[in-house]
Amino acid sequence: MNDDTTTVDVEPDDRLIETDPAEAGLSRDGAASGTAPTVIESRHLNVWYDDTQAIRDVSMEIPERQVTAMIGPSGCGKSTFLRCINRMNDLIDAARVEGELLFNGKDVYDDDVDPVALRRRIGMVFQQPNPFPKSIYDNVAYGLRVQGRTDDLDEQVERALRRSALWDEVKDQLDESGLDLSGGQQQRLCIARAIAADPEVILMDEPASALDPVATSKIEDLIADLAEEYTVVIVTHNMQQAARISDKTAVFLTGGELVEFDDTNEIFENPESDRVEDYITGKFG
């Protein structure tokens, strides 16, 4: 691996998983200017579903406020890795995780980590838009109300909708159902719902695969904007999409193996692995 990203060690904090990063002793700007600290790090991560190994000895460092794409053929483990980051695999009885997965220096699988609080810090957007059967306003406000953050609720909802590039399209219909929006608008509504909780990381699992080209373009533009404030990790089957929007690319291949992880331009223009070159050029997968 040829990775020139500068990393800054973050002192682990036993209170890592708090709703407020400041209360947990964390800083969103913990590195010196011009550096990209590591926010998420896996160390020899292995995942099984019963006796089937989905992730095999994966070690990688994901930098802050960049877009990291994960590509590879179906069944190679990239979505499994994504779900490990905010412990969504906890919801699957057959799943078993070994190794370390650090978020700001704290292993998210430690016994004292609250998965629900973790998911407030690491939001997730799924492949199929999944708005609640509520109004547009209540979709965005839902998590804020759960957290008790109801002061200036209107302002917080508007800010999240603006960040998700949806405000101008829905500002006059906030009381209408989120289910009445188009597919692309529903996906941006789900992004607004995720970022309303003010996470540090946004995970996206094939967020544009169910959308038409116009809606996909809007999502891609939005991802670029989000990376100015958030660390974005995206799983995609679309290699062209990964090349367009990401700063880093991780290539998973058959057997849940991370074959190569590097700057995106290096992966697509000068990969070190012949297997990666074969996949990129369509000879495999």
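Which of the lysines could a cross-linker bridge to LYS171, judged by Cα under 21 Å and excluding same-chain residues fewer than eight apart? In chain and number order, the partners are LYS134, LYS218. Taking a straight Cα-Cα cut-off under 30 Å and skipping sequence neighbours fewer than 8 places away in the same chain, the lysines within cross-link reach of LYS106 are LYS78, LYS248. Rg and Dmax, both from the Cα atoms of the chain and both in Å, are 18.5, 55. Count Lys and Arg as plus one, Asp and Glu as minus one, and take only other residues whose Cβ is under 12 Å from that of ALA165; the net charge is then -1. Using the Cβ of SER177 as centre and a radius below 10 Å, the other residues enclosed give a net charge of -3, where K and R count +1 and D and E count -1. Helices in the chain, meaning DSSP H runs of at least 4 residues, each add -39500 (n - 2.57). Divided by all residues, the mean residue ellipticity at 222 nm is -9000 deg cm²/dmol.
Taken about its Cα centre, the chain carries a charge dipole of about 760 debye when Lys and Arg each add +1 at the Cβ and Asp and Glu each add -1 at the Cβ. Residues of region 53-73 falling in the label zone of ARG96, defined by backbone nitrogen less than 15 Å from a point 7 Å along Cα to beta-carbon, are 53-57.
Where a number appears in this text, it was derived from the coordinates with a stated rule and is not lab data. Everything numeric here is computed off the predicted structure, so don't read it as measured data. Note that we place each Cβ from the backbone using ideal geometry, even for glycine, and neighbour counts take in every protein chain shown.
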